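The values are calculated or read from the model by the stated rules, or taken from the named source; none is laboratory data. As the structure is a computational prediction, the values presented were derived from the model and not from experiment. For neighbour counting, all protein chains shown are included, and Cβ atoms are generated from backbone atoms with ideal geometry for every residue, glycine included. Please note that ligands, DNA and RNA were not included when accessible areas were found on the heavy atoms of the full protein model with its side chains. Shrake-Rupley method; radii C 1.70, N 1.55, O 1.52, S 1.80 Å.
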Amino acid sequence: MGNEAASAAAPEIIVTEGVEKWFGDFQALDDVTMSVKEHEIVVVLGPSGSGKSTFIRCLNRLEEHDAGRIVIDGIELNDDVRNLNAIRSEVGMVFQQFNLFPHLSVLNNITLGPRKVRRQPKREAEEQAMQLLERVGIPEQAEKFPAQLSGGQQQRVAIARSLAMQPKIMLFDEPTSALDPEMIKEVLDVMQELAESGMTMVVVTHEMGFARGVADRVMFFDEGALVEQGTPNHFFDNPREERTKLFLSQIL
Amino acid sequence: MTTMTGGLPPPAPTPLFFRRGFRNLLAQGVYVGVTALVIFYVVQALGGREYGFGFLNQPAAFDVGNQWLINVDGTTNTRFTMYLVGIWATARVVMVTLLLSTVLGVAVGVARLSPNWLLSKMAMLFVEIFRNMPLFVQIVLWYAIVLFGLPQIQNALDLGDTFFLSNRGIAVPWPEPDGGLYGGPEWLTAVWAAAVAAAAVAAWFVRRRRQELERETGQPHYPNRWGIRLFAGGALVSFLALGLPLTIDVPVLSGTDYAEGLTLRPEFTALTLGLTIYTASFIAEIVRASIQALPKGQTEAANAIGLSGYQRLTLVILPQALRQMIPSVTNQYLNASKNSSLAYGVSYADLFFVANIIQNKIGHAVEVFALIIVTYMLMSLAISVVMNFLNSRLTLTRV
Ligand SMILES: Nc1ncnc2c1ncn2[C@@H]1O[C@H](COP(=O)(O)OP(=O)(O)OP(=O)(O)O)[C@@H](O)[C@H]1O
Ligand SMILES: [Mg+2]
């Protein structure tokens, strides 16, 4: 795998082997085998309907895969409920539609998981939440409700909410696709800072600037299969596969 | 305008009948005419008689069974007092029904969406059976089941000497005022109740004060913890200090009836059961619909931060769904409260039943029905006011 030398020694934290996913007769994932090393930033590209969302949703078991294996930090994803609980606190996820809880204030959105799942004392959870809001650049919005925030602010709260569970891995499913252009940057900046802090990230995005500038590796999906992967330079400048070339010619 | 359309021919005049102004006038004219006719007819029909509510202040001369926590005797009391007894009978059926049907309805509605096949099918069966059978039939059916299905009092089902089931009703333990250990007067119970209320008020103030402190200083002041401590402590200390001024009366069998405790008579039981289950089946559908109306992302986000199924339901899904539900549930509450008048079918002495006794004995149908109508309207108004308050409180936090 064409990884950068820096991360070559790091252990593999996500491993998938021959993963398949079927929706009825429709095969959404076809024999996906890959691995991600600790602290690695992987960007997932591919045309609409190629299975990008389905794949990363399998990584925290929002979708159950039908065949193959997925192992996250040594935890096998299967129907063992103990593993499910372990995986949910290990992997954070940020959605295209933010999915903040509209009936809770920003602060409570962030502290809900730590308090109810990790049984953190309220005070401690709120202090941590304020630090996270500081980190995503909106500490002054703590007492507001999601509907009172702009899209970019909401997505940053959603990132803080995920980080509050202190995950080792963060999944992003098109985090900027529902945002107005002027808000995209503020979210990408937060993600870049997160990447630099050493988080392991798998990001589905159409932001080619982010893929080129931040990613260690780019994966290209088409029709449910992992068609090609490589460093951004290699991927954008010297793609091997015809399908990759076609895709790049359409978006660049 | 005319200058702009100079090139156009003059507009054709609209015939009178097609003009909107004329149409409106016509509709209003018809409405006023019909109303006037109805009023004229009613005045004609009711005219030439004496009206007044004086008859309500005369002795009732009839008894009302199935009283609860009160014992009003109908030979010395006035008709109006007996009517109040009827209102109390309606009120307790309605209160119990609204409470239980909400709990049951939410449980069934949630169960219908459960991934557990058996549970969801059972919930569906519950809804489809009880929603599609006439309420009156259900009430009479429950009455028959209680009367003929349960054993005679001599062979009453005895659950641990505390609960009894027979066709004389269901007997349950109930707290009774008591002089306490020092043999004091019975109103010591009232004193204790006042002490509990005082503790509640004090706890509320302390909680608020501590919340403010917390906000000002940023230091933890544990408002909830201290509020609960103060309330529980106050209630307990005053209870002990007054020498336990309350006993739990356990029912016993005596001859052909129960003594002590509280007896839920077959009429009350059948009516409440019928109303509760019928209303719950509708509330279950409302709960299901409002949960399904929530975006799927809410469930996914809750899962992604690791909430358990129960936490997801109680912390994320229900708080949002309940908000959506309030207007529809209010309708069900209003229906249930008015349907309580089906008490007539099982001779449960609710306000409508008592009013009918009065009307049969003394006449005054116009006054009696006016009274009935006004009473039900006031009850509906009370329910609406409470629910509107709830609605405004709940939606307040959303903004
Ligand atoms: N719950 C579902 N039921 C049936 N089909 C589904 C379901 N979820 C996804 N699919 C199908 O699986 C395929 C892959 O979907 P997926 O959402 O993973 O694509 P994607 O690559 O994320 O596309 P996009 O860029 O549009 O988000 C699509 O054809 C989609 O219609
Ligand atoms: Mg997608």
Could you please find all residues in region A:143-159 being surrounded by 18 or more Cβ atoms within 10 Å (Cβ to Cβ) and within 11 Å of another protein chain (Cβ to nearest Cβ)?
A:PHE145, A:PRO146, A:ALA158
Residue that is farthest from A:MET191 (Cα to Cα) [pool: residues in region A:28-56 that are touching a Leu at 6+ places or on another chain (Cβ under 8 Å) and within 16 Å of ligand 2 (Cβ to nearest atom)]:
A:VAL32
Check A:MET183, A:MET170 and return the single one that is more than 14 Å from chain B (Cβ to nearest Cβ) and either part of a helix (DSSP H, G or I) or touching a strand residue (DSSP E or B) at 6+ places or on another chain (Cβ under 7 Å) (or both).
A:MET183
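Results for (1) among the acidic types (Asp, Glu); (2) assigned to a helix (DSSP H, G or I); (3) surrounded by fewer than 18 Cβ atoms within 10 Å (Cβ to Cβ), shown as yes or no for each residue.
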{"residue": "B:THR299", "(1), (2), (3)": "no, yes, no"}
{"residue": "B:ALA302", "(1), (2), (3)": "no, yes, no"}
{"residue": "B:TYR310", "(1), (2), (3)": "no, yes, yes"}
{"residue": "B:LEU315", "(1), (2), (3)": "no, yes, no"}
{"residue": "B:VAL329", "(1), (2), (3)": "no, yes, no"}
{"residue": "B:TYR344", "(1), (2), (3)": "no, yes, yes"}
{"residue": "B:PHE353", "(1), (2), (3)": "no, yes, no"}
{"residue": "B:ILE358", "(1), (2), (3)": "no, yes, no"}
{"residue": "B:GLU367", "(1), (2), (3)": "yes, yes, no"}
Would you call A:ILE110 surrounded by 19 or more Cβ atoms within 10 Å (Cβ to Cβ), within 12 Å of another protein chain (Cβ to nearest Cβ) and on the phi < 0 side of the Ramachandran plot?
yes
Test for A:SER150: is it out of contact with any Pro (no Cβ under 9 Å at 6 or more places or on another chain) and over 25 Å from A:GLU38 (Cα atoms):
yes
Criterion: open to solvent by 50 Å² or more (accessible area, probe 1.4 Å), assigned to a helix (DSSP H, G or I) and modelled with pLDDT under 90 - qualifying residue of B:GLU212, B:GLU186, B:GLU176:
B:GLU212
Being more than 14 Å from every other protein chain (Cβ to nearest Cβ), within 15 Å of ligand 1 (Cβ to nearest atom) and over 13 Å from the mean Cα position of the chain (by Cα) is the filter here, so list the residues in region A:32-63 that pass it.
A:VAL32, A:GLY46, A:PRO47, A:SER48, A:GLY49, A:SER50, A:GLY51
Quick one: in region A:115-142, which of the residues that are among the hydrophobic types (A, V, I, L, M, F, W, C) and assigned to a loop (DSSP other than H, G, I, E, B) is nearest to the other protein chains (Cβ to nearest Cβ)?
A:VAL117
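Each row is one residue, and each column tells you yes or no for (1) within 16 Å of ligand 1 (Cβ to nearest atom); (2) open to solvent by less than 20 Å² (accessible area, probe 1.4 Å).
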{"position": "A:VAL187", "(1), (2)": "no, yes"}
{"position": "A:VAL190", "(1), (2)": "no, yes"}
{"position": "A:GLY198", "(1), (2)": "no, no"}
{"position": "A:THR205", "(1), (2)": "yes, yes"}
{"position": "A:GLU223", "(1), (2)": "yes, no"}
{"position": "A:ARG240", "(1), (2)": "no, no"}
{"position": "A:LYS245", "(1), (2)": "no, no"}
When you check A:ASP79 against the structure, is it of a type in the set (Asp, Glu), open to solvent by 40 Å² or more (accessible area, probe 1.4 Å), more than 10 Å from chain B (Cβ to nearest Cβ) and touching a residue at least 40 places away in the same chain (Cβ under 8 Å), yes or no?
no
